Amino acid sequence: MYAGEIELLPGERVLWAGEPVHRPILARGDVVTVPIGLLLAAAGVVLLGQHRTDQLSMILVVVLLVLGVYAAVLRPFLRYLALGKTTYAITDNRVITTSGLFRTRERSDDLAGLGTPSVRPGRPGTGTIVFSESSATLMGVGQPARVRDQLVKAIEEARGRVPATPEPEAPAET
């Protein structure tokens, strides 16, 4: 990603831009969803093996198989593909994530509203940056400690620019 590809707000400047250098096949949340998907698919196969022909049983089998395959295989695979079309940018005001497999979506989070960034280590030299109290993540980033340090500095500066909320004035006594 280049600074010219990012739609910047007036006066905004890019501090860092990049893309995932490592695309993990499984993410942290998959520790739960993949086994559940496998169990659902297995339950569908067991029901299919009972040779029931009533309509409700067949609908249940199809639902179990579809949900199981989606959770165990399709969801991680689609995320893997989408990460190949993902870019990140840190500006002096925002963190911008642009991604999408079939259509491009942009997510923008104000730096002043983000929590403290931390790094979840990945393969050597990579990691995922997550923010406390936010769902924003920068997955598969190269040199994550350096990027996190830039984020910490940018968040502190953004918070310093945000004007403090004025105290409400006490009602005048009559």
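Considering only residues of the stretch 63-89 that are of a type in the set (Phe, Trp, Tyr) and within 14 Å of the chain's Cα centre (by Cα), which is nearest to residue 105 (Cα to Cα)? Before the answer, list the steps.
Step one: filter the stretch 63-89 for residues of a type in the set (Phe, Trp, Tyr), giving 70, 77, 80, 88.
Applying the additional criterion that residues be within 14 Å of the chain's Cα centre (by Cα) yields 80, 88.
Numbers: 80: 16, 88: 12 Å.
The qualifying residue nearest to residue 105 (Cα to Cα) is 88.
Going by the structure shown, is residue 28 of a type in the set (Lys, Arg) and touching a residue at least 24 places away in the same chain (Cβ under 8 Å)? Full working, then the answer.
Working: of a type in the set (Lys, Arg): yes; touching a residue at least 24 places away in the same chain (Cβ under 8 Å): yes.
So residue 28 passes the test.
Take the conditions closer than 16 Å to residue 138 by Cα, in a helix (DSSP H, G or I) and hydrophobic (A, V, I, L, M, F, W, C) and apply them to residue 81. Does it pass?
Values: closer than 16 Å to residue 138 by Cα: yes; in a helix (DSSP H, G or I): yes; hydrophobic (A, V, I, L, M, F, W, C): yes.
In short, yes.
How many residues does the stretch 1-56 hold that are in a loop (DSSP other than H, G, I, E, B) and within 21 Å of residue 93 (Cα to Cα)?
Step one: of the stretch 1-56, the residues in a loop (DSSP other than H, G, I, E, B) are 1-2, 6-13, 19-29, 50-54.
Right, trim to within 21 Å of residue 93 (Cα to Cα) and you get 1-2, 6-13, 19.
Within the stretch 1-56, residues that are in a loop (DSSP other than H, G, I, E, B) and within 21 Å of residue 93 (Cα to Cα) number 11.
Within the bounds of the stretch 57-69, is there any residue that is under 24 Å from residue 132 (Cα atoms) and outside any loop (DSSP other than H, G, I, E, B)? Let's see the steps before the verdict.
First, pick out the residues of the stretch 57-69 that are under 24 Å from residue 132 (Cα atoms): none.
Among the residues of the stretch 57-69, not one is under 24 Å from residue 132 (Cα atoms) and outside any loop (DSSP other than H, G, I, E, B), which makes the answer no.
Looking only at residues in the stretch 4-50 that are surrounded by 12 or more Cβ atoms within 10 Å (Cβ to Cβ) and among the small types (Gly, Ala, Ser), which one is modelled with the lowest pLDDT?
My answer is 27.
When the residues of the stretch 98-124 are narrowed to those that are aliphatic (A, V, I, L, M) and closer than 21 Å to residue 21 by Cβ, which ends up surrounded by the most Cβ atoms within 10 Å (Cβ to Cβ)?
First, the residues of the stretch 98-124 that are aliphatic (A, V, I, L, M): 101, 111-112, 114, 119.
Pick out the ones that are also closer than 21 Å to residue 21 by Cβ and you get 101, 119.
Numbers: 101: 15, 119: 17.
So the residue we want is 119.
Being modelled with pLDDT of 90 or more and assigned to a strand (DSSP E or B) is the requirement here; does residue 119 meet it?
On the way: modelled with pLDDT of 90 or more: yes; assigned to a strand (DSSP E or B): yes.
Yes: the conditions hold for residue 119.
Go over the candidates 90, 59 one by one and state the one that is in contact (Cβ under 8 Å) with a residue 60 or more places away in the chain and at negative phi.
Numbers: 59 fails: in contact (Cβ under 8 Å) with a residue 60 or more places away in the chain.
Within the list 90, 59, the selection yields 90.
The values are calculated or read from the model by the stated rules, or taken from the named source; none is laboratory data. Here the structure is a predicted model, which means the values were calculated and not measured. Don't worry about glycine lacking a Cβ; one is built from the backbone with ideal geometry, like all the others, and counts go over all protein chains shown.
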